[in-house]
């Protein structure tokens, strides 16, 4: 089960909050040789071995804490599959404002691009129309010149 960024970040956030609130765990969390990637791999292997498909957050977080608590823990090898994180993301007012501004900017850029493309298409049609008119005018002049040439050729000459 490949750990999604969201899953990994959710575990990391929980562990960091716990370390900030619990001095004993803070020391455990800083153990040398321990890292979030191995922690996630340990969790995924533990889940796989259990045969269950769904877990409460507390169970998963408990596995993460257990990984950091134990010095001689077998992480296991990478597991392939999917991880689904069922968490609602809460944004701060600042993050909401940033997201709105980003969406607004993207919308404006898309509108501008559409207008530019529309203008380019209009200019291309106008250019094609002008080229057609020039071509038709050149044809008319050529036909007129040819007709005048025939008239001149048809007239008797005095020489």
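Read-outs throughout are calculated quantities, based only on the coordinates presented, and are distinct from any laboratory measurement. Everything quoted here is computed from the prediction, not taken from an experiment. Virtual Cβ from ideal backbone geometry, glycine too; neighbours counted across all protein chains shown.
Observations, loosely collected:
- Residue within segment 94-102 that is surrounded by 10 or more Cβ atoms within 10 Å (Cβ to Cβ) and closer than 30 Å to residue 44 by Cα present: no
- Residues within segment 32-80 that are outside any helix (DSSP H, G or I) and over 17 Å from residue 10 (Cβ atoms), tallied: 17
- Residue check, residue 122 over 37 Å from the mean Cα position of the chain (by Cα), over 30 Å from residue 43 (Cβ atoms) and assigned to a helix (DSSP H, G or I): no
- Residue within segment 86-93 that is assigned to a helix (DSSP H, G or I) and without any contact (Cβ under 8 Å) to a residue 60 or more places away in the chain present: yes
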